[in-house]
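A.B. asks: Dropping a structure here in structure tokens format, bear with me for questions.
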Amino acid sequence: RGGPDLENRFESLIEQAPESPPEAPAPPTGISDPAPVVEAAPTPPPAPSPREPQPDKFYQDPLVQEALRIFEGELKE
């Protein structure tokens, strides 16, 4: 796969590559109006977490009691 032609092309690319990366261009001078600095919006306070349901209320729910009676099951915590 590839063969000698591919290796030669790869070697050629390596030889053509510069020894060091080019220098970054200098920033433009004489800008009359620099961009305005935008401040980050304040972080809103975290939303209150929903309360955990009370297991006692769950067991006392008439629908749960009826379902337990129908299916003769037991709830496990």
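A.B. asks: Which FRET efficiency value, to the nearest 0.05, do you get for Arg51 and Glu72 by plugging their Cβ-Cβ distance into 1/(1 + (r/R0)^6) with R0 = 35 Å?
C.D. replies: That gives a FRET efficiency of 0.65.
A.B. asks: Still on this structure: Suppose each label sits 7 Å from its Cα in the direction of the beta carbon; what would the Gln60-Leu6 distance come out to in nanometres?
C.D. replies: In this crude spin-label approximation the distance works out to 7.5 nm.
Where a number appears in this text, it was derived from the coordinates with a stated rule and is not lab data. Being a predicted model, the structure only gives us computed values, none of them experimental. Every residue, glycine among them, receives a Cβ derived from its backbone with ideal geometry; neighbour counts consider all protein chains shown.
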